[in-house]
Amino acid sequence: MIAPLVLALALQGLSDRVAGSPDGEVRFRFATRPGVCGNGRNIISFECEHSSCGRHRISSGSYYDDDGDCACTEGPARIALAVRGGKITRVRVFVGGEERSPGGADVTDLGAVSAAAATRFLFDVATRVGGEVGRDAVFPTILADSVTVWPDLLRLARDTRVAQETRRSAVFWLGQAAGEAATRGLSDLVDADDVDLAVKESAVFALSQRPHDEGVPALIRIARSHHSPSVRKKALFWLGQTNDPRAIALFEELLTRP
């Protein structure tokens, strides 16, 4: 485990190096967790094994499920930041494929950094910067090797000072990346009084993406008792996509209630 002081110094160093880079593209790379692969361009897949891409695939900025084969390889996550005047104006991530060309004078390559330092830097960007930059800084964090990111995703989702687009992205990837602990956190997020309706509805969707043994009971509880009709309606909608007997039993109960 990396000592907090060492990690803080690494984050400060990476932030300073990015801020001090000339205008252009700033690159760095970090190790990815097992099962992450990509084609080096527009596809990043999870849960990959024996050349079969896992159920999660990112393509051209979109998300979809696909269990088919794909021409992807494992490799470090390569971050490309567009920087102008010391400020980040764009965040992109690539995995696998051939190493991108060194580039010209407007490319600054910071080389390999630790996965822990990279995620701390990216979460810092997501917290501070709004718009697409903050939103796009969230996704690469879930690729990092040997880093537990769900507590930071939950912190982002609950922080009302963070741009809503970024918070909703954090909720989505919280539901995708975390296990039972995150499911509990998502349920807490839906119940919290200080979280706005759009983020609560995103948390309901994220619960629908969890394994049924985790997500369905949480959605049923929300559908039964949440104070917001809109949130209850969202929970019922996503329960309707599960084809789970427990959801069907709930529908029968609600429809036959006197």
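Every number in this text was worked out from the coordinates using simple rules, so none of it is lab data. Source: prediction; values computed, not measured. Cβ placement follows ideal geometry from the backbone for every residue including glycine, while neighbour counts extend to all protein chains displayed.
Give the Rg (one decimal place) followed by the Dmax (whole number) of the range 148-258, computed from C-alpha coordinates and expressed in Å.
Both quantities, over Cα of the range 148-258: 13.6, 47 Å.
Can you tell me the length gained on complete extension of the stretch Asp191 to Ser15, counting 0.36 nm per residue apart and subtracting the Cα distance?
Numbers: separation 176, 0.36 × 176 = 63.36 nm, distance 3.53 nm.
Full-extension gain reported as 59.8 nm.
Taking the Cβ of Val199 as the center, what net charge do the other residues with Cβ under 14 Å away carry, scoring Lys and Arg +1 and Asp and Glu -1? The partial results should precede the final answer.
Details: positive: Arg135, Arg155, Arg158, Arg161, Arg167, Arg168, Lys200, Lys234; negative: Asp159, Glu165, Asp188, Asp191, Asp193, Asp194, Asp196, Glu201.
Its environment carries a net charge of 0.
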